[in-house]
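What follows is a single structure, written as structure tokens, with notes after it.
The values are calculated or read from the model by the stated rules, or taken from the named source; none is laboratory data. Owing to the predicted nature of the structure, the values given are computational and were not obtained by experimental measurement. Glycine gets a Cβ as well: all are built from the backbone with ideal geometry, and neighbour counts include every protein chain shown. These accessible areas exclude ligands, DNA and RNA; they are computed on the full protein's heavy atoms, side chains included. Shrake-Rupley method; radii C 1.70, N 1.55, O 1.52, S 1.80 Å.
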Amino acid sequence: MRIGYTLMTEQTGPNELVRFAAGAEAAGFDFEVMSDHYSPWLAEQGHAPYAWSVLGAVTQSTERVELMTYVTCPIMRYHPAVVAQKAATVQALSAGRFTLGLGAGENLNEHVVGRGWPPANVRHDMLAEAVQIIGGLFDGGHFDYEGKHFRVDSAKLWDLPEKRTPVAIAVSGSQSVRRFAPVADAMIAVEPKVELSREWDATRLGPPTRKIAQLPISWGPDREAAVKRAHEQFRWFAGGWKVNAELPGPAGFAGATQFIREEDVAGSIACGPDVEPIVEGVREFEKAGFTDVALVQIGGDQQEGFLDFAEKELLPALRG
């Protein structure tokens, strides 16, 4: 199983993210994913730099690790033609190490352009059109498109990378799997559901593809402090994506999670200095058919200690 590191833009500034990317590669992680937000979920996280600028810098501060957005929403804040251009550029800068991770987005980030927030079925229709546009531009040449939600007029990517950029798409259930498995190169999901993996492979009717998960953890030598940090910065995770996708800002997330207790968070996120709970969390995804797991170390000021722990203890244990 491939083990990745999450460059969490909601909890860390741009310069530190570039430094941590190099540190994660040196520690031995296989790949790195980056969130793409306009706002943090909670004010306590405190950051939200522009992911694509940071990714450009990360392509130059790393040499080996694969890179990925986890995930970019190409339906409102970004036009899909612009997403295709950004992805092609990062793929060229990274010499073929980039995967474009896509999803249907969150109100938290997309409402800022003032177009409202459509219902989930409309968002999935928009994502389907966006995937067609991005794929058409990746094919090369001039591209035109007229759909229900998007138009493209004689667009062309003038700097196509030698290696076509793979596209991974986030799914959460049968409906999204059936719709996007045939057009994606990899699956993204955040819950260890074996039915997702099985239906994804069955729907593609081809060889199995990468299935990429994400696992939040709160490592630290003091378990009590690690639990407190996880509750302070990551209690939003308990809401689930159906709720999280609809909330408009950090104040909404704070209100929605005001009754979540520290022990609730500690029951779902591995906290403290021990390797075994993290290994068990990764193993659950492995049992569910996932091929890749990107770890999220909670706390922007905890990354250097975590990377040292990962190199010396965690990654050897996971690979053992």
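List pairs: first residue in the stretch 130-156 and within 16 Å of Gly101 (Cα to Cα), second residue of a type outside the set (Val, Ile, Thr) and open to solvent by 60 Å² or more (accessible area, probe 1.4 Å) anywhere in the structure, Cβ distance under 6 angstrom, at least six positions apart or on different chains.
As it stands, the answer is Phe138/Arg164, since those pairs meet every condition given.
Quick one: which of Ala84, Ala95 is of a type in the set (Gly, Ala, Ser), closer than 30 Å to Arg64 by Cα, out of contact with any strand residue (DSSP E or B) (no Cβ under 7 Å at 6 or more places or on another chain) and open to solvent by less than 40 Å² (accessible area, probe 1.4 Å)?
Criteria check complete, one pass: Ala84.
Taking only the stretch 184-210 into account, find how many residues are among the hydroxyl-bearing types (Ser, Thr, Tyr) and in a helix (DSSP H, G or I).
Residues flagged as among the hydroxyl-bearing types (Ser, Thr, Tyr) and in a helix (DSSP H, G or I) within the stretch 184-210 amount to 2.
Based on this model, can you work out whether Asp144 counts as under 24 Å from Asp185 (Cα atoms) and part of a helix (DSSP H, G or I)?
The answer is no for Asp144.
Looking at the stretch 246-259, which of its residues are among the aliphatic types (A, V, I, L, M), surrounded by fewer than 20 Cβ atoms within 10 Å (Cβ to Cβ) and touching a helix residue (DSSP H, G or I) at 6+ places or on another chain (Cβ under 8 Å)?
Ala256, the sole residue that qualifies.
In the set Trp236, Trp200, Trp219, which member is without any contact (Cβ under 8 Å) to a residue 60 or more places away in the chain and aromatic (Phe, Trp, Tyr)?
Trp200
I'd like the residue in the stretch 112-123 that is in contact (Cβ under 8 Å) with a residue 40 or more places away in the chain and touching a Lys or Arg at 6+ places or on another chain (Cβ under 9 Å) and, out of all such residues, is surrounded by the most Cβ atoms within 10 Å (Cβ to Cβ).
Looking at the filtered set, the residue picked out is Trp117.
Within the stretch 308-317, track down each residue that is surrounded by 19 or more Cβ atoms within 10 Å (Cβ to Cβ) and more than 16 Å from Ala270 (Cα to Cα).
Scanning the stretch 308-317 gives no hits.
With the condition kept exactly as written, say whether any residue in the stretch 147-158 is at pLDDT 95 or above, of a type outside the set (D, E, K, R), farther than 13 Å from Ala104 by Cβ and touching a Ser or Thr at 6+ places or on another chain (Cβ under 7 Å).
Looking for residues that are at pLDDT 95 or above, of a type outside the set (D, E, K, R), farther than 13 Å from Ala104 by Cβ and touching a Ser or Thr at 6+ places or on another chain (Cβ under 7 Å), one finds none in the stretch 147-158, hence no.
Give me the pairs, please: first residue somewhere in the stretch 173-192 and modelled with pLDDT under 95, second residue anywhere and open to solvent by 10 Å² or more (accessible area, probe 1.4 Å) and among the aromatic types (Phe, Trp, Tyr), beta-carbon distance under 7 Å, and either six or more positions apart or on two chains.
none
Within the stretch 190-202, which residues are buried (at least 17 other Cβ atoms within 10 Å of the Cβ) and either farther than 14 Å from Lys287 by Cα or of a type in the set (Val, Ile, Thr) (or both)?
Answer for the stretch 190-202, where residues must be buried (at least 17 other Cβ atoms within 10 Å of the Cβ) and either farther than 14 Å from Lys287 by Cα or of a type in the set (Val, Ile, Thr) (or both): Val190, Glu199, Trp200, Asp201.
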